[in-house]
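Here is the structure we will look at.
The values are calculated or read from the model by the stated rules, or taken from the named source; none is laboratory data. These figures come from a predicted structure and were not determined experimentally. As a convention, Cβ positions derive from the backbone with ideal geometry for all residues, glycine included, and neighbour counts pool all protein chains shown.
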Amino acid sequence: MNESEFNEVAEHTMTEIEEAVEDSGADIDYDTISDILTLEFDNGSQIIINKQGPAKQLWVAARSGGFHFDYDADSSCWRLDSDPQQELFACLSRYCSEQAGESVQLQQP
């Protein structure tokens, strides 16, 4: 994947995350500034999602740790680099649930 393709896929995914947060019905605020998507919870905690162009990854910083996701073109989804069985939206659902203190399901549109 070249840099242009990475940017296109990553930007599309960031938009999908915003849509998934909206559709989830959870009380999560979000804001995107300079390719950094911040999810903010009522308790003041945050999840930060950003593009890492040189590594061609999406990086997620949550209370439970920092996570790096690689794009898998065969399945058209982002997978955790340390455990490719784990997909981005499933992981984000888990991280959001932990930080919101309630079940949050983020579905990829």
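Descriptive notes on the structure:
- Residue match in region 58-69 (condition: of a type in the set (D, E, K, R) and surrounded by 15 or more Cβ atoms within 10 Å (Cβ to Cβ)): no
- First in region 7-25 and of a type in the set (Ser, Thr, Tyr), second anywhere and surrounded by fewer than 19 Cβ atoms within 10 Å (Cβ to Cβ) and not in a helix (DSSP H, G or I), Cβ under 7 Å, 6 or more apart: Ser24/Gln105
- Ile17 vs. criteria aliphatic (A, V, I, L, M) and more than 19 Å from Pro109 (Cβ to Cβ): no
- Checking Ala20, Ala26 one by one, the residue that is surrounded by 13 or more Cβ atoms within 10 Å (Cβ to Cβ), in contact with a Cys (Cβ under 8 Å, 6 or more places away or on another chain) and among the small types (Gly, Ala, Ser) is Ala26 and no other.
- Listed by first and then second residue, the pairs with beta-carbon distance under 9 Å, at least 6 apart or on different chains, first residue in region 75-93 and at negative phi and in contact (Cβ under 8 Å) with a residue 24 or more places away in the chain, second surrounded by 19 or more Cβ atoms within 10 Å (Cβ to Cβ) and of a type in the set (Gly, Ala, Ser), are Trp78/Ala10; Phe89/Ala20; Cys91/Ala62; Leu92/Ala20; Leu92/Ala62.
- Those strands (runs of 3 or more DSSP E) of region 1-91 in which at least 2 residues are at pLDDT 95 or above and within 12 Å of the chain's Cα centre (by Cα), considering only elements entirely within it, cover 36-41, 46-52, 57-62, 65-72, 77-80.
- Contacts under 7 angstrom Cβ, first residue in region 44-70 being at negative phi, partner in a strand (DSSP E or B) and among the acidic types (Asp, Glu), 6 or more apart: Gln46/Glu40; Gln57/Asp70
- Scanning region 82-108 for residues that are over 18 Å from Ile47 (Cα atoms) and either in contact with a Gly (Cβ under 9 Å, 6 or more places away or on another chain) or surrounded by 12 or more Cβ atoms within 10 Å (Cβ to Cβ) (or both) yields a single hit, Pro84.
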